[in-house]
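The values are calculated or read from the model by the stated rules, or taken from the named source; none is laboratory data. Owing to the predicted nature of the structure, the values given are computational and were not obtained by experimental measurement. Glycine gets a Cβ as well: all are built from the backbone with ideal geometry, and neighbour counts include every protein chain shown.
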Amino acid sequence: MFESIIGQSPNFEALIRSARMIAATDVTVLIVGETGTGKEVLANALQKNSARAHKPFVTLNCAAMPEAIAESELFGHRKGAFTGAVGNQTGRLPAAHGGTLFMDEVDSMPLPLQAKLLRFLETGEIQTVGDTSAQTINVRIIAATNSNLEERISRGEFRKDLYYRLNVVPLEVPPLRERMGDIQLLLGHFLKRFAVSHQLPEATLGKSAISRLQHHAWPGNVRELRNLCERLAIMMAGQTIEEAHLPNEITHQSKPGSSCIQLPESGIELEKVEIDLINQALLRTKGNRTRSAQLLGITRDTLLYRMQKYGIS
C-alpha cells in the first residue's frame, strides 16, 4: 500500500520510512499536516500494512459531527436513549472493533467527548448511550489534524491529557511546496489515472506547463493538484498541455523572477533580514517551530539549523 503513495523527495521518503515502522506496531498515531496533504491516504496505508489489514477501517470526520449527537456517533446508542432514537445504532468505535478508527479533524471534537475518548484510550472500554454497562473493544486510533493542537490547548479548546495520549507517535505530512521535486511525478501519475478512469486518451504536459506548475504555491496541496489533473485530463484529452491551457489562478500567480520585495538602493544585510524574519515567524506562532517553518517556506530541519546558526532560542 505504501508503494501507491507517490513521492521521492527526501522529506517525504523519510515520512514513509517512519510510517512503515509504525504500521507494524499497534501504537496510537497522530498525523499532522495541512489540508489536502493526504493524511487519510497515509492512515489507510498504515492500516493496510498492519496486522489489522483485513479488519474494519472506519473513518470519522469530527468536524462534520453535530455536537448534539457526537457521543452517539462515536459510541452508538440504544433505542429510546433520547428523543428520536427509534432503534439501536452502532457507533464508529464499536464498528471498528478489531480494526482501526481514523479520526480526521480531531481538534474539532467537543470537549465533553474528548474526556470520553480519553477514557477509551486509557481503558479500552466504551459505554453506549442509553446502556448501563461498559464493553471492552479492541480498536487502534489514528487521529489527524491540520491545526496546532498546542495552541488549541493554550486556548482551552483541547485537552492536554488527550493530546499526550494521541501524540504517542506523530507523523507530519509535508505540504506540497516543501516537496516540489515530486510535482512532475504526481502530475504524470494523476493524468494517467484520470485518463484511464474516464476512458480518454492520455494528455501530456509541455515544458511551459511543467515549469509553471513547479512554481505554483499549491495552497490546496496534493488535493488541489489532483483536481487540476482531472480537469485537464478531461478538457485536454489526448493533447499536449501548455502554460496557456492552465487556469487563471495558476497562470496569474507571480512568475519566477518577479519580486514582491524591492531591494533598497543602499543594499541590505541579508543575515539581519533572515534573523528578523525567523524571529517574526516564531513570535507569530508563539514559538511553534513547525508552523514557523511553514510560514517561512522552509523545512523544520532547515529552520532548526538556522536558529542554531544565529543563536536564536
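Details
- Any hit, the range 24-39, residues being touching a helix residue (DSSP H, G or I) at 6+ places or on another chain (Cβ under 7 Å), in a helix (DSSP H, G or I) and in contact (Cβ under 8 Å) with a residue 24 or more places away in the chain: no
- Residue tally, condition free of Cβ contacts under 8 Å to residues at least 40 places away in the same chain, in a helix (DSSP H, G or I) and over 22 Å from the mean Cα position of the chain (by Cα), over the range 213-245: 5
- Among the residues of the range 198-212, those that are hydrophobic (A, V, I, L, M, F, W, C) and outside any loop (DSSP other than H, G, I, E, B) comprise Leu205, Ala209, Ile210.
- When residues in the range 102-133 are screened for being assigned to a helix (DSSP H, G or I), among the charged types (D, E, K, R) and surrounded by 13 or more Cβ atoms within 10 Å (Cβ to Cβ), 3 of them pass.
- Among the residues making up the range 49-91, those that are surrounded by 16 or more Cβ atoms within 10 Å (Cβ to Cβ) and either assigned to a helix (DSSP H, G or I) or small (Gly, Ala, Ser) (or both) are Ser50, Cys62, Ala70, Glu71, Ser72, Glu73, Leu74, Phe75, Gly76, Ala81, Ala85, Gly91.
- Selection within the range 92-101 - in a helix (DSSP H, G or I), surrounded by fewer than 21 Cβ atoms within 10 Å (Cβ to Cβ) and out of contact with any Gly (no Cβ under 6 Å at 6 or more places or on another chain): Arg92, Ala95
- For Ile153, the test of being part of a helix (DSSP H, G or I), under 22 Å from the mean Cα position of the chain (by Cα), surrounded by 15 or more Cβ atoms within 10 Å (Cβ to Cβ) and in the same structural domain as Ser18 (by TED's automatic domain parsing) is passed.
- Scope the range 275-310; condition more than 24 Å from Glu13 (Cβ to Cβ) and in contact (Cβ under 8 Å) with a residue 12 or more places away in the chain; matching residues: Ile275, Leu277, Ile278, Asn279, Ala281, Leu282, Thr285, Lys286, Asn288, Leu295, Met307, Tyr310
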